[in-house]
Amino acid sequence: MAQQHGVNFQLLEEIRKINETQRDIFFNKVLSALWTLRGKKLAALGLSFKGDTDDIRDSPAIAVIRKLLEAGATITAFDPAANERAMAVLPASDKMHYATGIYEAAKEADAVLILTDWKQFAQLDLVKLNQVVKFPIVIDGRNLYKPERMQEHGFTYVSVGRPPQYHAQQGKPRSVRAVGVPG
């Protein structure tokens, strides 16, 4: 079909390989930031292939989430428009959950993953986000934030094509609550 329309099929195949490589690079950034994925609770922000749509066809987010699930992570996902469509290909289970909002998805997360470039993901209340997560780690596959801003708000911030920003805790560990014990 590509040849019928005068498109070089080899070029399309190379683009597909590059896209797969980018998914692997993002997965490895998550793994590097967390050391292991087994038993980790991750908030996945974005399921559609781009912001402002519910279209999940060829969505890198879906591919990354599948790989994270295979590695033993538990995912709580939120997309402003694509949750319902995503449920058809990533059914809810004991390891795959869907949230109705950003901060619900991020609650007690070991890390927050930004997978789609929705406007509301670029305008997060970073103070609130830091309060609801278990660990202040954001892995941003869309480069929606400046690393310095994330560090100022207490986040370890990993993005694409830039060095990670690690937030030092100033010798004070975050308070850790025992499971089942109110904070």
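A short reminder: the numbers here are calculations on the coordinates, not readings from a lab. The structure displayed is predicted, hence computed values, not measured ones. Heads up, the Cβs are rebuilt from the backbone with ideal geometry, glycines too, and the neighbour counts pull from every protein chain shown.
The table that follows gives values for the structure above.
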{"item": "Pair D58, E84: separation of 7 Å Cα→Cβ label points (nm)", "result": "2.5"}
{"item": "C-alpha center-to-center spacing [region 89-146, region 19-59] in angstrom", "result": "11"}
{"item": "For region 9-158, the Rg and Dmax computed from alpha carbons only, in angstrom", "result": "14.6, 49"}
{"item": "Aspartates and glutamates whose Cα lies under 20 Å from that of K41, excluding same-chain neighbours fewer than 8 positions away", "result": "D24, E70, D79, D94, E104, E108, D110, D140"}
{"item": "Theoretical gain in end-to-end length, K107 to L12 [0.36 nm per residue, Cα-Cα removed]", "result": "30.2 nm"}
{"item": "Rounded FRET efficiency, nearest 0.05, which uses the C-beta distance separating N143 from S93 and R0 of 45 Å", "result": "0.90"}
{"item": "Cross-link pairs K50/K134; K67/K146; K50/K119; K29/K119; K95/K146 - those with Cα-Cα distance over 20 Å", "result": "K50/K134; K67/K146; K29/K119; K95/K146"}
{"item": "Net lengthening on full extension, E70/K119 (0.36 nm per residue, minus Cα-Cα)", "result": "14.7 nm"}
